[in-house]
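Let me begin by presenting the structure, written as structure tokens, before commenting on it.
Each value in this text was obtained by applying a stated rule to the coordinates, not by laboratory testing. The shown structure was predicted, so the numbers you read here are calculated from the model rather than taken from an experiment. Because the Cβ atoms are built from the backbone with ideal geometry, glycine has one as well, and the counts that use them run over all protein chains shown.
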Amino acid sequence: MPRVRYGQVHIQNCLYSSSNAHYCIGYGYKSNLYVENNAFISAAAKKTPWKNYATSGSKKDYNITTVGNLNANDFQSKSGSAEYFIPSDHYTLKAYDSSLVQEVVANEENGAGATLDITSMTDGIDAVETTSSELPTSITYYNMNGMEISSPQPGINIVKIQYADGRTVNRKIRK
């Protein structure tokens, strides 16, 4: 549930289901958000999918664009001279339709959501449990920015495991 200041942020295909949410996405000073195809499904998330923190005080610069979200209206709002951040001007990323987000995120095989299986947290990870006794054919590590790395780094990492039967499993791990 991001609270953004000083950044261009693309928020896509996230599931907001918290019953305790005061807001789901907060935008503040110098934020430039593109909020696309997310699902706001709890009563609290539907009530306040976003909150503008950039209108209090003298620092009012912000941009926000929302498109295709489930249970939230499309809108565009701006204060200041910065151009709207449009992700497709910089990269291509295919989004699921917002009506599919809950189903996709809830499916553990997709590697989304809280899918980290750790047997010990005392000094890092002792073991990551897999769903098959088959050995992987390849293991690739990525940092949280999606850049491939040679081995897990301190913090959160993504592990892509490919199996001989063609399955690919993605996991988040902490080192």
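Odds and ends about this structure:
- When you count the other C-beta atoms within 10 angstrom of each residue and take the mean per peptide, 30-38, 65-73 line up highest first as 30-38, 65-73.
- Amide proton proximity set for Val4, modelled H, under 5 Å, gap of 5+: Gly26, Tyr27, Gly28
- J(HN,Hα) series, region 64-69, from Karplus relation 6.51 cos²θ - 1.76 cosθ + 1.60, nearest Hz, glycine and proline x: 8, 10, 10, 9, x, 7
- Mean projected area of the Cα convex hull of region 1-76, taken over all directions, amounts to 4.4 nm².
- Database remark: amide H of Asn69 closer than 5 angstrom to the amide H of Asn37, Asn38 (H placed geometrically; neighbours at sequence offset of 5 or more, or on other chains; Pro and chain starts carry no H).
- Cα-Cα over 29 Å, subset of Lys94/Lys160; Lys46/Lys78; Lys94/Lys172; Lys47/Lys160: Lys47/Lys160
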